[in-house]
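Note sheet for the following structure.
The values are calculated or read from the model by the stated rules, or taken from the named source; none is laboratory data. The structure presented is a predicted model; accordingly, all values stated were derived computationally and were not measured. A quick note on method: Cβ atoms are made from the backbone with ideal geometry, for glycine too, and the neighbour counts reach across all protein chains shown. Please note that ligands, DNA and RNA were not included when accessible areas were found on the heavy atoms of the full protein model with its side chains. Shrake-Rupley method; radii C 1.70, N 1.55, O 1.52, S 1.80 Å.
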Amino acid sequence: MRNTAVASSLLVTAAHAANMLYVSSYSGKVTTLDVSNACGPGCTASGSVPVLKTISWTDGCKGSPSWLTLDSAESTLFCIDEGLTSSKGSISSFKTNPDGSLSMLKKVSSLSGPVSGALYGGGRGLAVAHYDAGAFTAWDVFNPSKLKLVQTEKYRMNGPGPDPDRQDAPHPHQTVLDPTGKFIVVPDLGADKVYVYAVGSNDLKVKALTPISVKPGSGPRHLAFAVRDGKTFMYLVTELASTIIGYEVTYPAGSIKFKELFNIGSHGAGKPVSKTAYASEVVVSPDAKYLIVSSRGDNTFTIPNFDPKNSTKIISDPLINFSIDAKSGSLTPIQEAPCGGRYPRQFSMNKAGTLVAVGEQKDARVVLIKRDPASGKLGDFAGYANVAGEITSVIFNE
């Protein structure tokens, strides 16, 4: 068991947690936004959308922050630096303070191009995907002031994939812990595979299992799990083909097995996908009844400017909203809604399922969207903030 804070400290943290967002961008900064004034009941899209105040920022994760992973139980934020202008990346750890500020704990160099990190081993380990290096690394983060490399797995390809510009080499794009906490999955955009690892029971080393192969040229990017009525489903979003691949997940004899159920376009079965569009992020709601996918380059919507003094309309890509069938895992489209800007590279949902925070990479903007947990539908914009640089990730402090 990890260290536990005293009750008073937990209460202080809880009081502030739901009112903050952490945002990373290629400006080199991690910014903390105050969302306490976000649009509440009675606020409509025709009214003025509140501006989210910047509480604090740090450039301790520069040069190219690409992903944030929060260990809320330990009040620790991990920032992954892609190192776009360097031959190496880095991983930084920060203490999250109740006032929203971040205190640097440690920064270590890594293989090039880290783009995603996931906690595992009860929060003792951090699994990292390295896009440029074509590798997976595992880190001991039990003491966030002493980050230690545990394991490195480098991938190989016999030759380029069907899209040689993007699939010239392995390009793992994300690390995700499965719902049991016993397995890590890593989608690889370059190799058209999803690598699978079993987490060690006594240490932080992982064991490679048989990877999942997907349709050539798909370009696996991100994935999410849903657990409903005793069944587990996995939804893989591909970037190059803009598809959603659904799997049923079972655990025979303590292992893990994936059965492909369907492969549909990112807008739903039978619906066309623009050749200029690239699916990006996928998030399952806390109740596992709904799934949302973001698409970049669709330019589906034109919305009023968030600045009431600016009459220039904003071009917005969509968030594509689906309901999940508990028995079959199938997806039914229920809504397409504007995300509030261009290139929603990453987005997240709060634990209550009432707000969605979107990072608009090409517009240097963070947008909050109201959500009805019962219907799963997205509503009016609840707040926004202009944040310097291309937004790479935005997460709630919960």
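Numbers at a glance
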{"read-out": "Electrostatic dipole magnitude of the stretch 20-397 [Cβ: Lys, Arg +1; Asp, Glu -1; Cα centre; debye, to 20]", "value": "340"}
{"read-out": "Projected area, mean over directions - the stretch 20-397, Cα convex hull, nm²", "value": "17.7"}
{"read-out": "Cα→Cβ-extended label distance, 7 Å offset, between S330 and K53, nm", "value": "5.0"}
{"read-out": "I315 paired with A269, simple spin-label distance in nm, labels 7 Å along Cα-to-beta-carbon", "value": "3.3"}
{"read-out": "Antiparallel bridges, percent of DSSP beta bridges restricted to the chain (to nearest 5)", "value": "100"}
{"read-out": "Most to least accessible of M349, M104, M157, M234 (protein chains only, probe 1.4 Å)", "value": "M104, M157, M349, M234"}
{"read-out": "Heavy atoms of F322: accessible area, 1.4 Å probe, square angstrom to 10", "value": "0"}
{"read-out": "J(HN,Hα) series, the stretch 150-167, from Karplus relation 6.51 cos²θ - 1.76 cosθ + 1.60, nearest Hz, glycine and proline x", "value": "9, 7, 10, 10, 9, 9, 9, 10, 6, x, x, x, x, 10, x, 5, 9, 10"}
{"read-out": "Share of alpha-carbon pairs per 5 Å distance bin for the stretch 131-260, given as whole %", "value": "2, 10, 20, 22, 18, 15, 8, 4, 1"}
{"read-out": "³J(HN,Hα), Karplus 6.51/-1.76/1.60, whole Hz, each residue of the stretch 114-130, x for Gly, Pro", "value": "x, 10, 7, x, 9, 6, 8, x, x, x, 7, x, 10, 9, 10, 9, 10"}
{"read-out": "Over the chain, relative contact order from alpha-carbon pairs under 8 Å, at least 6 apart, %", "value": "12"}
{"read-out": "Estimated [θ] at 222 nm from DSSP helical runs (n ≥ 4, -39500 (n - 2.57)) normalised by residues in the chain, nearest 500", "value": "-1000 deg cm²/dmol"}
{"read-out": "Calculated FRET value between A374 and S255, using beta carbons and R₀ = 51 Å, to 0.05", "value": "0.85"}
{"read-out": "Dipole magnitude of the stretch 41-175 about its Cα centre (Cβ charges: Lys, Arg +1; Asp, Glu -1), debye to nearest 20", "value": "360"}
{"read-out": "Zone residues, the stretch 346-363, relative to N305, backbone N less than 20 Å from point 7 Å out along Cα-to-Cβ", "value": "360-363"}
{"read-out": "Residues in the stretch 58-75 that a label on K107 would reach, taking backbone N under 14 Å of a point 7 Å out along Cα→Cβ", "value": "58-66"}
{"read-out": "Positive-end residue, the stretch 20-397 charge dipole about Cα centroid, Cβ charges, pick of G254, V176, S110", "value": "G254"}
